[in-house]
Amino acid sequence: MTNLLYAEEAFAIIGKCMDIHRILGHGFLEAVYKDALEYELEHAKIPYQREQPFKIPYKDTILKRKYYADFTVMDKIILEAKALDGLPTELTSRAINYLKVSGYQLCLLVNFGRPNFEFKRIVL
């Protein structure tokens, strides 16, 4: 069996996401799922920050543009919550960018927008 990076932590987060999907189903706006995620993380006492900004270093400066991760969880996992018909490739690319600028190694990309909950682990 393969050892997954932050397996227990990711399992707890994905479990909360699955609870949300089971209760709310699909069809709501992304912001609704993010609010539910915030509720679940708070009640589970899982440390997080919502809309975490990340600066982008370039040579000897910091670029004006920032990346905003939906959530950072436990100071080591990025959690991106979507409500789409599927997970397009560009979201994986964006998650990799978030990982690069944050120094984190794991991003959980979750999608509440389909009848069946889906998620993707992205490891840098």
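Relative to the compact-globule scaling 2.2 N^0.38 Å, provide the ratio for the alpha-carbon radius of gyration of segment 68-124.
Numbers: Rg = 10.8 Å, N = 57, 2.2 N^0.38 = 10.2 Å.
Working it through for segment 68-124, the quotient is 1.05.
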In whole percent, the fraction of accessible protein surface over the chain that belongs to carbon or sulfur atoms, probe radius 1.4 Å, stands at 53
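Within 10 Å, Cβ to Cβ, of Leu91, how many net charges do the neighbouring residues add up to if Lys/Arg are +1 and Asp/Glu are -1? Please report the intermediate quantities before stating the final value.
Numbers: positive: Lys82, Arg94, Lys120; negative: Glu80, Glu90.
So the surrounding residues net to +1.
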Counting only residues 5 or more apart in sequence or on a different chain, those whose built amide H sits under 5 Å from that of Tyr48 are Met74
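How charged is the neighbourhood of Gln105? Take every other residue with its Cβ under 13 Å from the Cβ of Gln105, and add Lys/Arg as +1 and Asp/Glu as -1. Could you put the intermediate results ahead of the total?
On the way: positive: Lys76, Lys100, Arg121; negative: Glu9, Asp75.
Cβ neighbours under 13 Å give a net charge of +1.
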Select from segment 26-124 those trypsin sites (Lys or Arg not before Pro) which occupy a DSSP coil region and have at most 11 other Cβ atoms within 10 Å, ordered by residue number. Lys45, Lys59
Calculated from DSSP helices alone, with each H run of at least 4 adding -39500 (n - 2.57) and the total divided by the residues of the chain, [θ]222 nm to the nearest 500 comes to -12000 deg cm²/dmol
Quick one: if the Förster radius is 25 Å, what FRET efficiency do Leu5 and Lys64 give, using the C-beta to C-beta distance and rounding to 0.05? 0.20
Lysine pairs, Cα distance under 21 Å, 8 or more residues apart or cross-chain: how many in the chain? 25
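Tell me, what is the per residue accessible area of the chain in Å², probe radius 1.4 Å?
On a per-residue basis, 61 Å².
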I'm a student and want to see the number: the projected area of the Cα convex hull of the chain, averaged over all directions, in nm². 8.3
I'd like the chymotrypsin sites (Phe, Trp or Tyr not before Pro) in segment 37-77 restricted to DSSP loop residues with at most 12 other Cβ atoms within 10 Å, sorted by number. none
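The values are calculated or read from the model by the stated rules, or taken from the named source; none is laboratory data. These numbers were taken from a predicted model, which means no experiment stands behind them. Note: ideal-geometry Cβ built from the backbone for every residue, glycine included; neighbour counts use all protein chains shown. Ligands, DNA and RNA are stripped out before the accessible areas are found, and what is left, the full protein with its side chains, is counted by its heavy atoms. Shrake-Rupley method; radii C 1.70, N 1.55, O 1.52, S 1.80 Å.
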